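Here the structure is laid out as structure tokens; the discussion comes afterwards.
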Amino acid sequence: MIEDFVRHYGYAAVALGALAEGETVLLVAGYGAHRGWLQWPLVVMVAAIAATLGDQVFFFLGRWYGPQLINRFPRLRRGLPHVERLLQRGAPWAIVSVRFLYGLRVAGPILIGMTGVAPWRFVVFNAIGALIWAPLIVGLGWSFGAGMVQLASRLQQGEEILLLVASVAALIVWGLWRRRHRTEV
């Protein structure tokens, strides 16, 4: 049932998840790709495109409606000094790295849009960030899947060893019990 759901709706879920804070969705999609339910390159491509488009929308929302958004969502104001410091240190890498900073995945592009960064610059470095982010997070999900397969294999081996030890112990106990009852008769 889960497999069918992932096969049918997995790419749509990746696109929707990557539009906002999609790390969890991408980790699950990476696991699904490892299981063969989704295609890894397609998951990465959908995630990178959707993340880029989502951040572009947030950037332009900040550019056009920044003050209104800050009045409506005062928590945004707290992130503005942090984003401004990042931009002062190096605008291109601040744009790339904001995708990886907890709490700034959505707020970051809005705040960057408010700072006057040129739209073409944001487009280029936002896409670079998405092209780094998507395969990294999907790859972590894939690795988790590989680790789970390895763990299951080891657990199965452990179960087989445990079954063998229990069988040998049962035979020894049965043999001792039988020997004891033979000598009593």
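What follows is calculated from the coordinates using simple rules that are stated; it is not laboratory data. Owing to the predicted nature of the structure, the values given are computational and were not obtained by experimental measurement. Cβ placement follows ideal geometry from the backbone for every residue including glycine, while neighbour counts extend to all protein chains displayed.
Would you say Gly113 is more than 13 Å from Ala18 (Cα to Cα) and free of Cβ contacts under 8 Å to residues at least 60 places away in the same chain?
Considered against the rule, which asks whether it is more than 13 Å from Ala18 (Cα to Cα) and free of Cβ contacts under 8 Å to residues at least 60 places away in the same chain, Gly113 comes out as yes.
Go through region 112-136 and report how many residues are under 29 Å from Gly30 (Cβ atoms) and either of a type outside the set (A, V, I, L, M) or buried (at least 22 other Cβ atoms within 10 Å of the Cβ) (or both). Give the steps one after another, and end with the answer.
Within region 112-136, the first condition is being under 29 Å from Gly30 (Cβ atoms), and the residues that meet it are 112, 122-136.
Narrowing further to those that are either of a type outside the set (A, V, I, L, M) or buried (at least 22 other Cβ atoms within 10 Å of the Cβ) (or both): 112, 122, 125-126, 129-130, 133-135.
Residues meeting the conditions: 9.
Candidates are the residues of region 20-36 that are surrounded by fewer than 19 Cβ atoms within 10 Å (Cβ to Cβ) and free of Cβ contacts under 8 Å to residues at least 40 places away in the same chain; the one that is nearest to the chain's Cα centre (by Cα) is Thr24. The helices (runs of 4 or more DSSP H) falling completely within region 28-139 that include 3 or more residues that are aromatic (Phe, Trp, Tyr) and under 30 Å from Tyr9 (Cα atoms) map to 40-72. Number of residues in region 2-27 that are within 15 Å of Ala130 (Cβ to Cβ), part of a helix (DSSP H, G or I) and not aliphatic (A, V, I, L, M) equals 2.
For region 13-56, a residue qualifies if it is under 18 Å from Ser97 (Cα atoms) and out of contact with any helix residue (DSSP H, G or I) (no Cβ under 8 Å at 6 or more places or on another chain), and exactly one does: Glu21.
Within region 56-85, take every residue that is without any contact (Cβ under 8 Å) to a residue 12 or more places away in the chain and of a type in the set (S, T, N, Q) and give me the one that is nearest to Arg121 (Cα to Cα). Residue satisfying both the conditions and the ranking: Gln68.
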